[in-house]
Amino acid sequence: MSYVFTIPGPLVELANNRREVRVSGRAQTVNDALSLLWRECPAVRDRVITERGEVRQHINIFVDGENIRDCGGLAAHTREGAEIVILPAVSGG
Amino acid sequence: MPKTKNVSPKRGETLLLVGTMKGAFIFRAKRHAWEMGGPYFPGSSVYAMAYDGKRIWAGPSSMHFGALLRSSDDFGKSWTNPEEANIKFPAKTDAALKNIWQIVVGEDGTMYCGVEPAALFVSNDTGITWKLNENLWNHPQRPKWVPGGGGLCLHTILLDPEERKRIRVAVSTAGMYVTEDGGKSWRPSNKGVRAEFLPDKYPEFGQCVHKVVQSKQQPDRMFLQNHWGLYRSDDRGESWKDVANGVPSDFGFAMAIHPEDADTAWIVPLEADMFRCTPEGKLRVYRTRNGGKKWQAMTKGLPQEDAYECVVRDAMHADARGVYFGTRSGKLFASNNEGKSWKTVIDGLPPVVCMKSAVV
């Protein structure tokens with residue numbers, strides 16, 4: 001099983017300058033898939049997830065185009081080959 | 001992203017470390033001007049910076065990607081970017097770091113960070129690993145601490161110049177706490193400091209302390225700028241006496257103490273908590289020369305018309321060479337004659353939230 005992650009621009013350097021990262025392994029949930037990403041790109045983890053294990057407030061994760069906040073969060077089911085996009089929210093100023 | 005400038009200070013030169021809501025800047029004092037380095041961490045707020053004699057420390061907090069402690073050994077040309085967040089709450093606390101508010105390096109090399117949510121972290125290996133001070137975190141009064149306008153933050157850390165195990169911290173809004181055994185036990189220490197916003201005006205804890213400073217020469221002497229209230233202590237913070245004599249308001253945030261003269265301190269009064277701007281549209285630094293018996297306005301070189309400025313709690317600093325402060329409107333001022341006159345360092349930075357001076 002493999003998953004394709006899109007890394008947000010400001011974190012690309014922490015993913016060995018890859019905008020897209022393909023990881024292999026078994027994942028039932030988004031959280032499982034992210035764990036595979038952390039293995040490949042450990043420095044990305046703490047920038048996306050807090051020490052409470054929650055997605056940071058101003059980060060959005062989309063699985064096959066759907067924001068995981070609308071479909072079960074990190075526990076949402078993910079399919080083999082899913083495209084997972086990590087994006088900063090529009091918040092800022 | 002903006003193009004970053006760098007500075008290469010020489011030994012003996014003065015540096016200003018300036019944290020803003022949109023990044024950090026480093027100013028190097030040249031003979032007749034200031035040279036600017038930055039912006040570093042563009043887009044991140046930087047509420048805490050420090051220089052330990054070799055290394056610059058900063059605590060940038062990205063709205064998106066969280067807060068980290070980072071350091072530079074080459075005056076900002078390069079910064080560490082730790083793979084793992086170096087300041088983290090243990091899982092059992094169910095808390096997550098929001099912001100780094102204060103970085104202090106002790107003479108023995110021990111490092112301290114005050115953070116939001118209000119907590120103290122300590123490092124004994126020059127900032128590589130950090131540990132939560134659980135005794136303060138588990139203090140029985142902590143559940144009653146409440147956030148102020150800037151969040152529930154531990155914003156001030158004072159290491160006693162003579163007694164290594166005595167550390168004083170200030171939390172908004174909880175007041176001051178002191179340990180005399182190196183952090184094993186903590187007690188509130190707010191005697192004489194009022195809480196205008198509570199039914200009991202002089203509670204044991206719960207005051208909204210905005211800044212506390214301590215004399216290095218005479219550690220018994222301290223000054224405190226409160227959310228309403230300007231105080232002096234002559235017993236190392238055990239009790240406080242109101243010294244709001246001759247100030248237009250006893251509300252304010254910023255405060256600095258003279259590095260050698262314990263009777264001299266500077267503040268920037270603000271009109272009120274409901275209008276956090278300099279009174280009468282005049283940007284005035286007030287200085288005392290006699291331990292707060294009288295405060296005098298220092299205005300030369302500062303705008304005295306339509307200047308509705310705000311100087312926040314960590315945006316003022318004094319050293320042997322000067323007094324420095326930055327405003328929320330992005331102006332930096334410096335005085336090399338203890339406040340008698342001021343020169344503009346720069347006008348146009350993002351809102352300034354941190355100012356530290358250092359000699360390289």
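Where a number appears in this text, it was derived from the coordinates with a stated rule and is not lab data. None of these values were measured; they are calculated from a predicted model. Here the Cβ positions follow ideal geometry from the backbone for every residue, glycine too, while neighbour counts run over all protein chains shown.
Taken about its Cα centre, chain B carries a charge dipole of roughly 680 debye when the Cβ of each Lys and Arg holds +1 and the Cβ of each Asp and Glu holds -1. Computed over neighbours whose Cβ is under 15 Å from that of A:Ala33, the net charge equals -2, Lys and Arg +1, Asp and Glu -1.
Show me the ranking of peptides A:62-70, B:133-141 by mean Cβ neighbours inside 10 Å, starting with the highest. Let's see the in-between values first.
Details: A:62-70: 13.8, B:133-141: 15.4.
Per-residue mean Cβ counts within 10 Å order the peptides as B:133-141, A:62-70.
Inside 10 Å of the C-beta atoms of B:87-98, what's the mean count of C-beta atoms belonging to other chains?
3
Under the shape rule built on the C-alpha gyration tensor, where the axes satisfy a ≥ b ≥ c, the range B:41-174 is oblate, since a/c reaches at least 1.5 while a/b does not exceed b/c.
Give me a single rounded figure for B:73-84: the average over its residues of other chain Cβ atoms within 10 Å of their Cβ.
Across the residues of B:73-84, the mean count of other-chain Cβ atoms within 10 Å is 1.
Shielding by partners for peptide A:42-52, expressed as the average number of C-beta atoms from other protein chains within 10 Å of each residue's C-beta, is 6.
When the Cα positions of B:Gly301, B:Ala58, B:Cys277 are compared along the charge dipole of the protein assembly as shown, B:Gly301 comes out farthest toward the positive end, with charges on each C-beta of Lys, Arg, Asp and Glu. Mean sequence separation of contacting Cα pairs (under 8 Å, at least six apart), scaled by the length of the range B:286-360, corresponds to a relative contact order of 29 percent.
Placing a label point 7 Å from the Cα of A:Glu40 along the Cα-to-Cβ direction, the residues of the range B:81-112 whose backbone N falls under 20 Å of that point are B:83-84.
Among B:Ala118, B:Ala297, B:Ala33, which one shows the biggest mean-square fluctuation in a GNM of chain B, springs joining Cα atoms closer than 10 Å? Ranking B:Ala118, B:Ala297, B:Ala33 by mean-square fluctuation puts B:Ala33 first.
Classify the range B:110-193 as rounded, prolate or oblate from the Cα gyration tensor: take a ≥ b ≥ c as the square roots of its eigenvalues, call it rounded if a/c is under 1.5, otherwise prolate when a/b beats b/c and oblate if not. Taking the square roots of the gyration eigenvalues as a ≥ b ≥ c, the range B:110-193 is oblate. For chain B, a Gaussian network of Cα nodes joined below 10 Å ranks B:Gly292, B:Gly23, B:Gly281 by mean-square fluctuation, and the top entry is B:Gly281.
Within the shell defined by Cβ-Cβ distances under 12 Å, the residues around B:His210 carry a net charge of 0, with Lys and Arg each +1 and Asp and Glu each -1. For the protein assembly as shown, the dipole from Cβ point charges (+1 on Lys and Arg, -1 on Asp and Glu) about the Cα centre works out to 900 debye, to the nearest 20. Checked against a 19 Å cut-off, the cross-linked pairs B:Lys5/B:Lys77; B:Lys3/B:Lys77; B:Lys30/B:Lys300; B:Lys331/B:Lys356; B:Lys191/B:Lys211 give Cα-Cα distances beyond that limit for B:Lys30/B:Lys300.
Only helical DSSP H runs with n ≥ 4 go in: add -39500 (n - 2.57) per run for chain B, normalise by residue count and round the 222 nm mean residue ellipticity to 500 deg cm²/dmol.
Counting only the DSSP helices, I get 0 deg cm²/dmol.
Each Lys and Arg contributes +1 and each Asp and Glu -1, all at the Cβ; summed about the Cα centre of the range B:1-151, the dipole is approximately 540 debye.
Taking a ≥ b ≥ c as the square roots of the eigenvalues of the Cα gyration tensor, an a/c ratio of 1.5 or more together with a/b larger than b/c marks the range B:82-127 as prolate.
Determine the sum of side-chain charges near A:Phe62: Lys and Arg each +1, Asp and Glu each -1, restricted to other residues whose C-beta is under 12 angstrom from that of A:Phe62. Spelling it out: positives minus negatives among the neighbours equals -3.
Restricting to bridges with both residues inside the range B:229-360, how much of the DSSP beta-bridge set is antiparallel, in percent to the nearest 5? So the antiparallel bridges in the range B:229-360 amount to around 95 percent. With neighbours defined as other Cβ atoms within 10 Å of a residue's Cβ, the residues B:Met298, B:Met255 order from fewest to most as B:Met298, B:Met255.
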